[in-house]
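The values are calculated or read from the model by the stated rules, or taken from the named source; none is laboratory data. Quick caveat, the model's predicted, so the values are computed rather than measured. All Cβ positions, even for glycine, are placed from backbone atoms using ideal geometry, and neighbour counts span all protein chains on display. Each accessible area value is taken on the protein alone, full model and side chains, heavy atoms only, with ligands, DNA and RNA left out. Shrake-Rupley method; radii C 1.70, N 1.55, O 1.52, S 1.80 Å.
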Amino acid sequence: NAPTDLVDFDNDDDNDNNDGARKRERERRDRSDSLFSLGSATGRDDDDDDEDDGTASSFSAPNPDPTLRLSLARRNALRPPSPFHRVVLTGGPCGGKTTALARLSSYLRERGFEVMTVPEAFTALMTNGLRMSYFGVEGMDSVVQGAVMDLQTRLEDVMADLLKARGKPAVLLCDRGLMDGSAYLTREAWRSFLKDRGVKSECQLREGRYNAVFHLVTAAEGAERFYTLDNNEARTETAEEARRLDSMTRGAWLGHPKLCVLDNSTDFEGKLTRLVEGCARLVGLPSRLSRTTEKFLLRKRPRVEHFPDSVKYQVFDVEKVYLYDDQTAPAEGGHPPSGSVQLDGDDVVE
């Protein structure tokens, strides 16, 4: 064979003919390869072109088949046909959450609601091998909180899907919620924790996830003689530590529009009654509980940076949407109906 870098300039015509032949051969092979690829992709051989048995290719667009529709449970999970509520019961140690969950579950089931309860994730880890000695490793607090949040999130979402698929009015009762973890980290560590997990706003873990939060104040605040940890081996806090954790947990949920704090101003039975009445109102059941909301008009915008550390606050925007009936609008030149307010030129009845 001649070296590839040598060219015979004496046979130009032969070279042209050879080049043309090689080009035609390459084009023929390219067409053959294309046909083979097409036949492979459609699951057909060349012989299949001669006869058509009427069967569709496995890669062709399927025709609508009523037997392939989503099941009723799947449709329910995607578009729940009935109301669904996700409720948090939280608070300091020995606040009565375990008893409250049992009481509330029975109350709602007796009135036709499907109810599931999400266990406390941290307690589940502690009763299955996690020990306080783990926290001796630097940075372990954030790792544990990450495990708690992952477990809590997964448990909640799985149970929520089950309740929605059922297709009936349902309530998911959560023994603590995702925001509780902020009570066990510094503010800076919590912000870094959320950033690492891709959480853009605390609203996603608070009002964006839960319909209501009921905070049961620890017995160490107002009912000290009833404070005990005998019913929860995962808890070791003194009464003073319990009061501190209770305050921090309460502050973790500030900003939720339906945060209800149940103190120990009554006996425990009265505390449970207030909880049941508050949840009944939330889900639309008759309630004897009266609630008074106080609002204050400030003379000037407060400077929150001057607030003492003991004052917990949450800054958020409130958007109000007013509905009105076009048919009741006054005629041109008329006056707004009695008891209405003027809003952007429209008469809005309050």
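Electrostatic bookkeeping for Thr90 treats Lys and Arg as +1 and Asp and Glu as -1; over the other residues with beta carbon under 10 Å from its beta carbon, the sum is -1.
Across segment 173-233, how large is the tail of the calculated P(r) beyond 12 Å, expressed as a percent of all Cα pairs? Write out the running numbers ahead of the final one.
Values: 1385 of 1830 pairs.
The answer is 76 percent, as a whole percent.
For segment 72-283, the fraction of 1.4 Å probe accessible surface lying on carbon and sulfur atoms is 52 percent.
Among Lys97, Lys195, Lys200, Lys320, the sequence by solvent-accessible area, most first, with a 1.4 Å probe is Lys200, Lys195, Lys320, Lys97. In segment 72-283, inverting the average of 1/r over every pair of distinct C-alpha atoms gives 17.9 Å as the Kirkwood radius. Loop-located GluC sites (Glu not before Pro) in segment 146-218 (DSSP state not H, G, I, E or B) with no more than 13 neighbouring Cβ atoms inside 10 Å do not occur. Net charge in the neighbourhood of Leu172 (other residues with Cβ under 12 Å of its Cβ; Lys, Arg +1, Asp, Glu -1) is -1. Computed over neighbours whose Cβ is under 14 Å from that of Arg191, the net charge equals +1, Lys and Arg +1, Asp and Glu -1.
You can think of it this way: the chain between Arg225 and Val321 has 29.8 nm of extra reach, that is 0.36 nm per residue less the Cα-Cα gap.
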